[in-house]
């Protein structure tokens, strides 16, 4: 009975996606569209051909990373909502290496790009962890604000030292082919970054549940006091968790710049951090769940982009739909907490009744 | 409505309140009569404040009913409470420090937006109220420039201005000097004479005896007893507050008494530790614990016990003095190092401090050893070794759990505590600190915990037992120290124990006085 309930609660995010789609459907009705047709179109387009299917995966890659960034920190009960900024820092690191070190052989160049985005994203994130450990700063606010600082740094670099040779638009030159991440399926956009993302997701699982570091992270996340009483140094955990979390978001910068865009355009992909939060919650902050929900979002993006072209719905409606799904996912998180707390309450009351007898 | 009920202003029945993990109030009944001072007595965490916050609309009860003047009411917020004539004086004042007295009193009291607000009028009313009740205060003074007792007056005036007929006072004397306490009591008497009621929350027995008409004792979220003041004695109240009838206690454990008194296991000298409020929670405390003894610390909670154990375990900075374990200094060491030196700690609150409820039984069993061999190697957890160890402990401690994988949350309190004890006994090579180790446990589990503590002692470990249950201290300890206001008043050998003396020491009464 109890385990049944447990499964029902774990499936909560799935219900919330359905609720989100239902609400978007109501909205479409107001706009005079038949939601069933729109959803059918989205499905049909998303899986129409190998190119579109491959694109789902390509779109999912950065979302897996930012989802993992939020989800990993969340396991330590820390809120890293600055994945957007860490992503931009990763982009900058990777594009700089790609532009300035293009003479290097491809494997070496790609490794350097990967590592630099990982390290810069991680260091940018660990500043937040350090401030929390040292000054007991609020990591929620800090990570939020750090995104704006990262945007400012990006604006400065892209309009200054990194601007394209023509100097016309705030964007970099296209990076040399030697810095491009090889494709997995030719003539699509699905690149080897997908494998990296899946490996990182597997690594998250391994770190969290198979290592002493993961044990500490979970202990701090689930009961900071008990962890302290057990001699676990929570301050070290804050810094390392934020480093790792930031590194994940930084890696998204590497795969986006070197795998998809092959250049850096000022302020691109501005929703990737926020989407990561929704994806992490939708995926129960479990790496497997995060991969799955990133794929769902990828499919919505690919199918949606094409579906709006054949219907009269404006393309901005996709954003609204995504918003509805995210909103209901996030609300479902609180509803689930409430239900779990109610169950616990009932259990305690039953227990005290038994005691009274 | 019966004749008797007509006098009852507030009647709370079956009040139950749950907080995550604990049942804070369990079916509590309480009624307050007109013209009565009711004292709510109980230790920290007994549920006094929670009960009163429910009456004042700050918390919603999870069960039960509140009647005011015979009418069932729904107190959803302090605003509702004030409309019903219930006011509350909080321990921490709820004044705007940079505003004047008038502004503070008027804040929130002006509910009719159409009525114009006159500063002078309000000031006059405040002065009038002040004269009636002997609570004079300059209405135009800025609150943060007033001394504490005057700020308390403003709080009281605020409640009176809104027409409070029932005044809840949460430990109002904690911040007062004896003289201002006397003035406060005069006010309470005047207020009562006018047919009003006061609920007085305290754990100071002498004050309760002085001011209350009726005393209700709460313990662990339940009403333990209700006595009219004439029939109450300090001693009896102390017993109700801390636990069993003191006279009934049998001294259980025969002391092994092979205590080598040459070198203590733990030596604490002149220890000073600050509490959360910045006061000296532990104040020049000396203590020695020997191998093979259970050393009981008796005292009413809130006398520095928590701060003492936290300082011992590296969880709270030591300001002065020293702690040493077998000659090795422990003062301000890291918790991790103290654990590795062989000090186990059964914390008072197992849900908050002792266990990670959402982790499994086996994970909790290795909470202090997961990073040591054989449970991990090169940073990788060795699940096989952990499982093997856990299975063995589950069997030898008879922990009732479906699997070693089950989250601890789903175990009963007794089995949860067994996990903590199994773990800490394994850690404690030399010293085991046990704070309230049987709080909230049933008789069987309590007995089991006691056996474990005795076994640790018989194995030659030093055991520091901190408990507010005097019966527990008396039945287990080889020596007993009484803590009061952060100091050890006296250390007594078990054979020389005089229960009345300990009871009085706990209230701060030494035989010299």
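Contact map, segment A:216-232: first residue within 7 Å of chain B (Cβ to nearest Cβ), second residue part of a loop (DSSP other than H, G, I, E, B) and surrounded by fewer than 20 Cβ atoms within 10 Å (Cβ to Cβ), Cβ cut-off under 6 Å, separation 6 or more or different chains; pairs are A:222/B:358. Taking segment B:327-347 as the range and being within 11 Å of another protein chain (Cβ to nearest Cβ), assigned to a loop (DSSP other than H, G, I, E, B) and without any contact (Cβ under 8 Å) to a residue 40 or more places away in the chain as the test, the residues that pass are B:333, B:334.
If you go through segment B:374-413 and keep only what is part of a helix (DSSP H, G or I) and within 11 Å of chain A (Cβ to nearest Cβ), you end up with B:383, B:386, B:408, B:409, B:410, B:413.
Being in the same structural domain as residue B:190 (by TED's automatic domain parsing) and closer than 30 Å to residue A:347 by Cα is true of residue B:40.
Identify, please: which residue in segment B:348-362 is within 7 Å of chain A (Cβ to nearest Cβ) and assigned to a helix (DSSP H, G or I) and is, among those, modelled with the lowest pLDDT? If we take residues in segment B:348-362 being within 7 Å of chain A (Cβ to nearest Cβ) and assigned to a helix (DSSP H, G or I), then B:352 is modelled with the lowest pLDDT.
A search for C-beta distances below 7 Å between a residue of segment B:436-452 that is more than 22 Å from residue B:310 (Cα to Cα) and any residue that is in a loop (DSSP other than H, G, I, E, B), counting only pairs 6+ apart in sequence or on different chains, returns B:446/B:438. Of the residues that make up segment A:276-284, is at least one within 14 Å of chain B (Cβ to nearest Cβ) and within 27 Å of residue A:125 (Cα to Cα)? Yes, because at least one residue in segment A:276-284 is within 14 Å of chain B (Cβ to nearest Cβ) and within 27 Å of residue A:125 (Cα to Cα). Number of residues in segment B:392-402 that are modelled with pLDDT of 90 or more and either within 14 Å of residue B:364 (Cβ to Cβ) or surrounded by 13 or more Cβ atoms within 10 Å (Cβ to Cβ) (or both): the value is 4. Can we say residue A:73 is more than 24 Å from residue A:266 (Cα to Cα), out of contact with any strand residue (DSSP E or B) (no Cβ under 6 Å at 6 or more places or on another chain), in contact (Cβ under 8 Å) with a residue 40 or more places away in the chain and crowded, with 24+ Cβ neighbours inside 10 Å? It is true that residue A:73 is more than 24 Å from residue A:266 (Cα to Cα), out of contact with any strand residue (DSSP E or B) (no Cβ under 6 Å at 6 or more places or on another chain), in contact (Cβ under 8 Å) with a residue 40 or more places away in the chain and crowded, with 24+ Cβ neighbours inside 10 Å. For segment B:27-63, the set of residues classified as within 14 Å of chain A (Cβ to nearest Cβ) and surrounded by 23 or more Cβ atoms within 10 Å (Cβ to Cβ) consists of B:28, B:47, listed by residue number.
Farther than 18 Å from residue A:190 by Cα and assigned to a helix (DSSP H, G or I): does that describe residue A:325? In short, yes. Exactly one residue out of B:144, B:104 is without any contact (Cβ under 8 Å) to a residue 60 or more places away in the chain, closer than 23 Å to residue B:184 by Cβ and buried (at least 21 other Cβ atoms within 10 Å of the Cβ): that is B:104.
Taking the conditions exactly as written (free of Cβ contacts under 8 Å to residues at least 40 places away in the same chain, away from every other protein chain (no Cβ under 14 Å) and closer than 24 Å to residue A:36 by Cβ), does residue A:316 satisfy them or not? When the stated conditions are applied, residue A:316 passes them. Looking only at residues in segment B:428-445 that are within 13 Å of chain A (Cβ to nearest Cβ) and surrounded by fewer than 22 Cβ atoms within 10 Å (Cβ to Cβ), the one that is farthest from the chain's Cα centre (by Cα) is B:444.
The values are calculated or read from the model by the stated rules, or taken from the named source; none is laboratory data. Being a predicted model, the structure only gives us computed values, none of them experimental. We place every Cβ from the backbone using ideal geometry, glycine too, and count neighbours over all the protein chains shown.
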